[in-house]
Amino acid sequence: MIDEQSFYHWLMAAWFILSAVTFVVLLAIPAPYGRHLRPGWGPRVNARWGWVLMEGTVVLVFTLFWALGRDPFAVMPLFLLLVWQSHYLYRALVFPFRLRGDRSMPLVIVLSGMLFNVVNGYINARWLYTLSGRDWDRWWGDPRFAAGLALFFIGMAVNHWADHRLRRLREKGSGGYGIPHGGLYRLVSCPNYLGEIVEWAGWALLTWSLPGLAFLVWTAANLVPRALHHHRWYRETFPDYPPVRKAIIPWLF
């Protein structure tokens with residue numbers, strides 16, 4: 001019978017390969033939710049509860065493997081739990097109820113998001129709390145931890161600010177889409193996605209882990225194609241869209 005260490009290593013290898021496949025697929029086919037929602041993707045569910053189900057899944061999975069880990073109430077393991085949940089509790093319990101209008105999303109998106117979050121929560125939490133064997137008491141003074149933590153919360157602040165700016169834009173209009181302005185919107189179409197990529201780059205650095213890196217790769221594989229599709233949509237929808245803006249990385253693409 002295969003042991004957990006071997007299973008984990010094979011899962012990590014498959015996870016990186018699947019992220020590359022996902023990137024290629026999403027470049028060709030925009031994920032069908034939000035402004036890219038379209039017929040042909042099966043039954044739909046309320047978007048708010050779809051987000052709650054998707055993001056609430058990883059809240060529970062990560063907490064479970066934290067509780068099953070070695071010495072979960074030691075300061076560093078508990079702190080890492082709080083850092084992770086600072087993102088996902090917002091995504092599961094705050095962000096969905098700030099969505100405007102009666103939106104829906106395909107059930108297949110919800111189910112695939114839940115599956116991703118089960119695997120991602122497992123590989124990150126299981127490594128942190130059981131498989132790494134790291135002496136976390138010595139990790140507080142490591143510069144990778146300090147730099148990664150700062151990067152994580154900078155990315156989170158950018159992500160929240162950009163989402164807030166989009167909500168305010170819709171509140172001022174008819175509830176539809178418009179051209180956002182100000183801050184990083186002067187440079188890119190999707191600073192919210194840029195912020196989230198920075199956030200999980202911070203997580204990869206502060207944990208200095210292969211599963212953290214895998215999460216960063218998956219985040220980019222999902223959000224970079226989506227930002228490119230958003231950028232194309234803006235340019236096609238608004239003739240006066242600022243030509244100097246890039247999709248997600250200032251001055252590059």
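The values are calculated or read from the model by the stated rules, or taken from the named source; none is laboratory data. Since we're looking at a predicted model, the values are computed, not measured. Cβ atoms come from the backbone with ideal geometry, glycine included; neighbour counts cover every protein chain shown.
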Listed by first then second residue, the pairs whose first member lies in the stretch 57-69 and is under 12 Å from Y129 (Cβ atoms) and touching a residue at least 40 places away in the same chain (Cβ under 8 Å), whose partner is among the hydroxyl-bearing types (S, T, Y) and surrounded by fewer than 14 Cβ atoms within 10 Å (Cβ to Cβ), with beta carbons under 7 Å and at least 6 positions apart or on separate chains, are none
Among L27, L81, which is out of contact with any strand residue (DSSP E or B) (no Cβ under 7 Å at 6 or more places or on another chain), surrounded by 13 or more Cβ atoms within 10 Å (Cβ to Cβ), more than 20 Å from P211 (Cα to Cα) and not basic (K, R)?
-> L27
Enumerate the pairs (first residue in the stretch 221-243 and within 17 Å of L37 (Cβ to Cβ) and touching a residue at least 60 places away in the same chain (Cβ under 8 Å); second residue anywhere and surrounded by 13 or more Cβ atoms within 10 Å (Cβ to Cβ) and among the aliphatic types (A, V, I, L, M)) with beta-carbon separation below 8 Å, excluding pairs fewer than 6 apart on the same chain, so at least 6 apart or on different chains.
-> N222/L26; N222/A31; P225/L26; P225/L27; R226/L26; R226/A31; H230/A247
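Yes/no matrix, rows are residues, columns are (1) modelled with pLDDT of 95 or more; (2) farther than 19 Å from Y241 by Cβ:
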site	(1), (2)
A150	yes, yes
M156	yes, yes
L169	no, no
G175	no, yes
Y185	yes, no
If I179 satisfies every condition in (1) out of contact with any strand residue (DSSP E or B) (no Cβ under 7 Å at 6 or more places or on another chain); (2) within 25 Å of H87 (Cα to Cα); (3) of a type in the set (A, V, I, L, M) but one, which is the exception?
-> (2)
Does L187 satisfy the condition of being closer than 27 Å to F116 by Cβ and either touching a residue at least 12 places away in the same chain (Cβ under 8 Å) or surrounded by 14 or more Cβ atoms within 10 Å (Cβ to Cβ) (or both)?
-> no
Sole exception among (1) touching a residue at least 24 places away in the same chain (Cβ under 8 Å); (2) of a type in the set (A, V, I, L, M, F, W, C); (3) surrounded by 14 or more Cβ atoms within 10 Å (Cβ to Cβ) for A157, by number | (3)
Residue under evaluation G133, criteria (1) modelled with pLDDT of 95 or more; (2) at positive phi, criterion not met = (1)
State all residues of the stretch 103-129 that are among the hydroxyl-bearing types (S, T, Y), under 21 Å from W218 (Cβ atoms) and touching a residue at least 40 places away in the same chain (Cβ under 8 Å); if no residue qualifies, say none.
-> Y122, Y129
All positions within the stretch 85-102 that are in contact (Cβ under 8 Å) with a residue 60 or more places away in the chain and either under 14 Å from the mean Cα position of the chain (by Cα) or farther than 23 Å from E199 by Cβ (or both) = S86, H87, Y90, F95, R100, G101
Does any residue in the stretch 41-52 that is touching a residue at least 40 places away in the same chain (Cβ under 8 Å) and within 15 Å of A31 (Cα to Cα) come within less than 9 Å, Cβ to Cβ, of a residue that is among the small types (G, A, S) and not in a helix (DSSP H, G or I) six or more places away or on a different chain, and which pairs are these?
-> R44/S104; A47/G101; A47/S104; G50/S104
